[in-house]
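Trainee: Provided herewith is a single structure, encoded as C-alpha cells, for subsequent inquiry.
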Amino acid sequence: TLDSGPHLIVPFVDRLQYVIDQREQVVSFPPQDVITEDNLTVSIDTVIYFTVNNPVAATYEIVNYIEAIHQLTMTTLRNIIGGMSLEHALTGRDQINRTLGAELDAATTRWGIKVNRVELKSIDPPATIIDAMEKQMRAERDRRAVILTAEGQRQSAILTAEGQKQSQILTAEGEKQAAILTAEGEKQSQILRAQGEGRAIETVFQAIHDGNPDQKLLSYQYLQTLPKIAGGENASTWIIPAELTAALGTLGGVIGTVPVDGGGSKKRIDLDAPIEDVASSVDTSEAVQAALEAARRAEQPGAGNGDDIVPPSILDQSDDDAPPPPPPTQA
C-alpha cells in the first residue's frame, strides 16, 4: 500500500494491484420493485453519494464494495418501504432518504466507505394504481369545485336576498310616504272643496236675499225642476214627498222676511256666519201653500213627459169626505 507522496517502484518486481479513487463518487442503481405496507408494488430508483476513506479496507475488507452497497441499498429500502403505505411513501421522501442514508453509512464504515447522501430519483406505482390515483384526484378536484360552486351560489343567494330585502323595504317606505302624502292631499282637497261649496251656498243664499225675489216665482221655479228630475229613462212615477211642503214652507218663510220695497240690502246675512245661525233665524210661513196652488195652475193639464207628479201636501188639503186619490199611474 502506497501512501501519498513520492515512492520508488522497481520494474518487473513491484506493481500496483488496485487503484482506489478517494474522491466522492456517485452511483445510480437501476429501479427495483418493493412492496408497501398496503401490498402495493412500486418501482424506486436510488442515487448514492459516497467517499472511500480507507483504501486498504475497501480493497481487503470487501471484494466489490460497489456491488455490496447496491445489495445493501436494496434490502434496506425494502425494509423501509415495507413499513409505509403508498401515500406515505409518496409524500415522505425526505424521511426515506435520511433513514436509508443513516443505515448505509453505519453498514459501510468497516469497509472504509463514507456514505454522504442518498436520494430517491423516482417512486413509480403500477399503471392501475396511477389510474386509480388520477381518478381519485379528479374526484377530489370535482368535489372541491362543487363545494366552491355551492359556496359561491350560497353567497350569491344571500347577497341577492339581502338586496331584495333592502329594495322591498325602500319600496314599502316609499309607498308609505306616497300614501301619506296622497291622503294628506285628499284631506286638504276635501277641506278646500267643502269650504268652497259652503262659500258658494252662502253666496247664493245672500244673493237671494239681496235680489228680493217673489215668493210665488221661487216656488214655481222649484216645481219646474221636478219634471227634469223625473225625466230619467227608468222613471215612471214621481211622488213628491211630504217633506217638500215643509221645505217650501221654510223657503217661503225666508222670503217672507225680505222687505217688499226692494230694500234687500237692509237685511243682509253675514258671509262668515255659520249656516246654522242663518237657518235658525227664519220662520215657517203658510204662504208656501199658495205658491204650490199657483204653480199647479200655471202648469198645463196633461203637460210633462208622461210622469205623474202628485204633491201629497196638496192632497191633504182636500175635503175629508172626498174619495181617495187614484194610485200613481205607470209610464
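The values are calculated or read from the model by the stated rules, or taken from the named source; none is laboratory data. Note that this is a predicted model, so its numbers are computed, not measured. Every residue, glycine among them, receives a Cβ derived from its backbone with ideal geometry; neighbour counts consider all protein chains shown.
Trainee: For segment 41-55, which positions are buried (at least 17 other Cβ atoms within 10 Å of the Cβ) and under 60 Å from the mean Cα position of the chain (by Cα)?
Mentor: Answer for segment 41-55, where residues must be buried (at least 17 other Cβ atoms within 10 Å of the Cβ) and under 60 Å from the mean Cα position of the chain (by Cα): Val42, Ile44.
Trainee: Being surrounded by 15 or more Cβ atoms within 10 Å (Cβ to Cβ), among the acidic types (Asp, Glu), out of contact with any strand residue (DSSP E or B) (no Cβ under 8 Å at 6 or more places or on another chain) and under 24 Å from Val42 (Cβ atoms) is the requirement here; does Glu87 meet it?
Mentor: No, not satisfied.
Trainee: So, one more: Checking the conditions here, which among Glu134, Glu140 is among the acidic types (Asp, Glu), exposed (fewer than 15 other Cβ atoms within 10 Å of the Cβ) and either touching a residue at least 60 places away in the same chain (Cβ under 8 Å) or farther than 22 Å from Val34 by Cα (or both)?
Mentor: None of the others qualify; the one that does is Glu140.
Trainee: In the set Gly112, Gly83, which member is assigned by TED's automatic domain parsing to the domain that holds Val56 and either closer than 22 Å to Pro31 by Cα or charged (D, E, K, R) (or both)?
Mentor: Working: Gly112 fails: either closer than 22 Å to Pro31 by Cα or charged (D, E, K, R) (or both).
That would be Gly83, the only listed residue that is assigned by TED's automatic domain parsing to the domain that holds Val56 and either closer than 22 Å to Pro31 by Cα or charged (D, E, K, R) (or both).
Trainee: So, Ala132, is that one of a type in the set (Gly, Ala, Ser) and within 42 Å of the chain's Cα centre (by Cα) or not?
Mentor: no
Trainee: Which of (1) more than 30 Å from Ala58 (Cα to Cα); (2) surrounded by 11 or more Cβ atoms within 10 Å (Cβ to Cβ) is the odd one out, the single condition Asp105 does not satisfy?
Mentor: (1)
Trainee: Would you confirm whether or not segment 130-149 contains a residue that is in contact with a Leu (Cβ under 8 Å, 6 or more places away or on another chain) and among the small types (Gly, Ala, Ser)?
Mentor: Looking for residues that are in contact with a Leu (Cβ under 8 Å, 6 or more places away or on another chain) and among the small types (Gly, Ala, Ser), one finds none in segment 130-149, hence no.
Trainee: Of all residues in segment 70-88, which are more than 59 Å from the chain's Cα centre (by Cα) and under 17 Å from Pro125 (Cβ atoms)?
Mentor: Leu77, Arg78, Ile80, Gly82
Trainee: Six or more apart or on different chains, Cβ atoms under 8 Å: show the pairs whose first residue is in segment 91-114 and of a type in the set (S, T, N, Q) and whose second is surrounded by 14 or more Cβ atoms within 10 Å (Cβ to Cβ) and not in a helix (DSSP H, G or I).
Mentor: Within 8 Å, the pairs are Asn97/Arg117; Asn97/Val118; Asn97/Glu119; Asn97/Leu120; Thr108/Phe50; Thr108/Lys114; Thr108/Val115.
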